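Shown next, in structure tokens, is the structure this report addresses.
The values are calculated or read from the model by the stated rules, or taken from the named source; none is laboratory data. Not measured: the values here are computed from a predicted model. Positions of Cβ are backbone-derived with ideal geometry, glycine not excepted, and every protein chain shown enters the neighbour counts. These area figures cover heavy atoms from the full protein model, side chains too; ligands, DNA and RNA do not enter into them. Shrake-Rupley method; radii C 1.70, N 1.55, O 1.52, S 1.80 Å.
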Amino acid sequence: MKRLENKDRINVFYIFEQHAKDPKTAGNLFLLVPHDPERPDAQTQWTYAEAYETVLKYAAWLKTRHSVQKEELIAMDFTNKPQFIWFWFALWSLGAIPAFINSNLRDKAFTHSIRISTSRLLLIDPQIREVLNEETKSELGADQKGQEIDMMIIEPEVEQQILAQTPYRAADSARSGAKINSCSLLIYTSGTTGLPKAANVSWSKPLSGVAFFAKLLELKPTDRYFTALPLYHSSGSVLGVLQVLGPGCTSVVGPKFSPRTFMKWISETQSDGIHYIGEMCRYLVSSPPTPYDRAHKARFAFGNGMRLDVWQRFKDRFNIGTIIEFYGATEGTAASYVHSRNNYLRGAISKQGVILRNLLNTFIIVKHDHATDEPYRNPKNSFCVKCKADEPGELIHPLDPENIAEKYQGYFGNDKASDSKILRDVFKKGDAYYRTGDLVRRDAEGRIWFTDRVGDTFRWKSENVSTAEVSEAIGSHPDVREANVYGVQLPNHDGRAGCAAIVVSDDTLSTSLALDLANHSRKRLPRYAVPLFLRLMKQVEVTGTLKHQKVALRNEGVDPSKLGQDEVFWLESGDEGYKKFGEKDWQRIVDGSAKL
């Protein structure tokens, strides 16, 4: 990376361009998408040379039509499709910075994400045109300075205009001056606040995907690497698409994850590698057998969040020889992996022996105070305390207190959120560490295991769900007097499902109100954040400072035998409104037959 920085070639566009112009790789397939029955004539594959020409046409349109400038932030809201990559790489070619908007966001979360990006231009996938309604258009109108956001849906006729452009390759000066820690992307994350935050992704992250992880996966120029993870997230983009730029092989991008079609796509596209997240693997091993389960050539699976109880079942059912489990965060300062061909590292996120721990010392686990959700500090000296073997604690990474930005760029335009991730005076006065917000444990042999997330934010459907955001959405309903949102663990499911303990006006949840609450939530929240459960209560317990008490509710979960007189309602997949939840429904969750 330092060598590329010295040559003023830190922008990953140069690596893509090199493959497109090199006779040895120009004819290699760069992008392959599964055939879409609804668009039988649509192009499904592009060589590096073809992709390069397409990217330059998109760059020409962005430059001539919208005058996109060097280092300008441009927001784009797209689902998984080739146009996502064309706009992304075209913006990089112009020296601009793409802001990847989560395509699931709607209403306030959507407009907030656009506003904090400071972008004057918003490019929108026609497949999600509903994000632009009268309310969001009004919100994105002229700001206090009179600046309006140009909102453009890339209709088929617009795409034809783009493809009719003469390719434009911006001069090197458009990309000059970028450093390793300069911003390359904005990728949004819920974090621990009520609305999405924009993680400032430095060039070190994309370059790691190209240079380091491509070698870790042992990718060859002839390989095909499949991902169906959303490209707006760093997993799908940085660790899904960019890795193929290492050897100049093929990125296979599925439109979205589906247990019914996933292995079919792996087989039909002849993919050599599978990109996963843990919940995905659980859905796959729980789905009915298909003729494609072992009729494929995939030799490895790479991703994060593969749980111990799924790991071996996944390997055995789909005949995957190697699992490469990755651990890290979009805005994080360090990462780890395990490269597993046997059972020794099954379920672990890292393996660090004595030499690695003492020389690099990047993975440090400190005791956690669950009452305050902060690292525990010794009352005698106010310093943190390292955990012993097999003792869970929060994982922290060292930072240079004199140069925090060297490793940690934080959140764009949000100093408060950025500073909240920095822990100071940890083991001595003046030192600084990055808080991961993850509770982990290290065993006596140096294997590290993920335990849980710190605080109220929980993960469901591979997304972080903010309780504050959900509480605000539910609480805005006129019949809801109070809403306390938390995540509950369910048997045979990864992460936590959303549950809202609510107090309503007349203490009963009528059929019409149950339907209205469901529609109200769907309108204001991403699908993954809509609470699966509602717990009807007479009153919600609060602390002396009027903060909601969550621990007892979280521990009780939704097992009817633990809920006393409280009624619980739930949303099963396909339901229009919430319905009564009882013992039989709980047993369906236990045996795995419930559709969540």
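Figures for the structure shown
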| item | result |
| --- | --- |
| Vicinal HN-Hα couplings computed from phi for segment 35-47 (Karplus, 6.51 cos²θ - 1.76 cosθ + 1.60; Hz; Gly/Pro x) | 4, 9, x, 7, 10, x, 9, 5, 5, 10, 8, 9, 6 |
| Which listed pairs, of K523/K562; K81/K179; K388/K428, have C-alpha distances above 22 Å, in listed order | K523/K562; K81/K179 |
| From the C-alpha gyration tensor of segment 173-248, square roots of 5λ in Å | 24, 18, 9 |
| GluC sites (Glu not before Pro) restricted to segment 1-48 and DSSP loop, no more than 12 other C-beta within 10 Å | E38 |
| Interatomic Cα distance distribution for segment 503-596, bins of 5 angstrom, percent | 2, 12, 21, 23, 22, 15, 4, 1, 0 |
| The chain: mean projected area of Cα convex hull, nm² | 28.6 |
| Distance histogram for segment 370-409 (every C-alpha pair counted, 10 angstrom bins, percent rounded to whole numbers) | 23, 41, 32, 4 |
| Segment 490-541 - percent of accessible surface contributed by carbon and sulfur, probe 1.4 Å | 47 |
| Convex hull volume of segment 351-449 per residue (C-alpha atoms, cubic angstrom) | 115 |
| Principal axis dimensions, largest first and in whole angstrom, of segment 70-130 by Cα | 31, 25, 13 |
| Three semi-axes of the equivalent ellipsoid, segment 28-81, Cα gyration tensor, whole Å, largest first | 26, 15, 10 |
| Accessible area of segment 115-268 belonging to carbon and sulfur atoms, whole % at 1.4 Å probe | 51 |
| Per residue accessible area in Å² of segment 382-423, where ligands, DNA and RNA are left out and the probe is 1.4 Å | 53 |
| Principal axis dimensions, segment 445-575 - Cα atoms, whole angstrom, descending | 57, 37, 29 |
| Relative contact order [Cα under 8 Å, 6+ residues apart], the chain, whole percent | 10 |
| Across K215/K407; K416/K538; K205/K315; K461/K580, pairs whose alpha-carbon gap is larger than 25 Å | K416/K538; K205/K315 |
| Within segment 170-261, trypsin sites (Lys or Arg not before Pro) in DSSP loop having at most 15 other beta-carbon neighbours inside 10 Å | K179, K256, R260 |
| Mean projected area in nm² (Cα convex hull; one quarter of hull surface) for segment 187-319 | 8.6 |
| Accessible surface ranking that places the most exposed of T111, T222 first, with a 1.4 angstrom probe | T222, T111 |
| Rounded, prolate or oblate (a/c below 1.5 giving rounded, otherwise prolate when a/b exceeds b/c) for segment 10-155 by Cα gyration tensor | oblate |
| Segment 1-58, relative contact order in percent, only Cα pairs under 8 angstrom and at least six apart counted | 32 |
| Solvent-accessible heavy-atom area per residue, rounded to whole Å², over segment 489-596 at 1.4 Å | 52 |
| Distant alpha-carbon pairs in segment 392-471 (separation over 16 angstrom), percent | 63 |
| Alpha-carbon spread of segment 227-267, three principal axes, descending order, Å | 31, 22, 10 |
| Qualifying GluC sites (Glu not before Pro) for segment 375-451 [loop in DSSP, other Cβ within 10 Å: at most 15] | E402, E445 |
| Pairwise Cα inverse-distance average, inverted: Kirkwood Rh of segment 137-265 (Å) | 18.1 |
| Convex hull volume per residue for segment 124-178, taking Cα atoms only, in Å³ | 157 |
| Segment 460-531 - Rg and Dmax from Cα coordinates, angstrom | 12.2, 36 |
| Taking segment 183-261 and dividing mean pair separation by its residue count, relative contact order in percent (alpha carbons under 8 Å, at least six apart) | 28 |
| Listed peptides 481-489, 163-171 by packing density, highest first (mean Cβ within 10 Å) | 481-489, 163-171 |
| Integer Hz, Karplus 6.51/-1.76/1.60 couplings in order for segment 390-398, x for Gly and Pro | 6, 9, x, x, 7, 7, 10, 10, x |
